[in-house]
């Protein structure tokens, strides 16, 4: 017994420690563990996704497009094509913002709502194109629904490099997808001579994401996904989105009738080091006025080609982007205070800001509430009277009917030959003087009878043929 006695205490201690450890392990297993930071981030992103997804839609576009024929003797042919993109519900009554290139040339549009949207008759809805602005590549689409979820725009100026963002949409046709990344650059200017700026992100964006939202961690829209730079055709981490402030402004203007583009009558170019050296300019960056249009506010105020714009209303102008931003702060009719450098001297000019008088969107202002569409042509027209003639360059043929706008909810004819700004002078050899005469002639022709219009476009006369589908 004595030989075994020395082992008694160690054995008892070992048994006690094992029991204590087992009890401790059981106690730790029973106690809930606090979530770590990664789990908290994951939970937060899931919350954002659940909040955003119901307001993201998939847009289907049926359009005619020109494609190269297999037979070189035939050349390009018109074929019906279907494409898809994404869109963002921005109001409870079915207003959707997307890219203009998503709905370009549409003959018919459909919108597929997220499966979590309730209270609708169908999740696949016919859509109407409200309008688009090619310059900013934005468009507004409407569906006939009420009380649907929608997203709000964030203030783009608060966006920071490195901020986490999520991109939503239907990349490559894969509905209801989300990807995560960061803001690579806040205000990327791809063309130094263009006023347009973009948000650059490494968030995975692919074809089909166009028109979908780029959102912050609060679920607010900071940008509209637009395009990518790629060598492979897929996402390589260089995606671009239209800033929210611009998207919000353009959306509201399209809904109100047309987009307002400010102008004072100058063309500008970014100054580059070679340009500064060759022209012996005092600075190596900035904005150079390369042309002043005749009979414009800029010419009347005294601005000249070769002037270097230093500031607008006291704010320095280092590039074309900043000039555009500052000019958009002025309302039509206000005086823009522009400081320039000319032959080493600083000069200040007060220049009235006008709305650009050219462009097809201006013709929409001439339409009245009683103007009705010409369904066979898919357009709204107005007679070329003295008031309309004053907005146009000298015409080759007097009179006619001006194509003021395309009609979104009227199916356009095959080939869609007319564009806003065209002037219709005759139909099947009969001269046209006003809309009533054009409508009467169209109604006298059967739907199976071909139509040949003589139109004037940009000072050139053309014959266009319209056939039944």
Sort largest first and round to whole Å: the equivalent ellipsoid semi-axes of the range 262-355, each the square root of five times a Cα gyration tensor eigenvalue.
21, 14, 12
Expected sort for 389, 179 with the fewest Cβ neighbours (10 Å cutoff) up front is 389, 179
Mind ordering 288-299, 100-111, 199-210 by average Cβ neighbours within 10 Å, highest first?
199-210, 100-111, 288-299
Just order 213-219, 248-254, 449-455, 165-171 by mean Cβ neighbour count inside 10 Å, highest at the front, would you?
165-171, 213-219, 248-254, 449-455
Give the order of 82, 342 when sorted by the count of other beta carbons within 10 angstrom, beginning with the fewest.
82, 342
Taking the number of other C-beta atoms within 10 Å as the exposure measure, put 321, 387, 269 in order starting with the fewest.
387, 269, 321
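Computed from the coordinates by the stated procedures, all read-outs in this text should not be read as laboratory data. The shown structure was predicted, so the numbers you read here are calculated from the model rather than taken from an experiment. With ideal geometry, Cβ positions are generated from the backbone for all residues, glycine too; neighbour counts draw on all protein chains shown.
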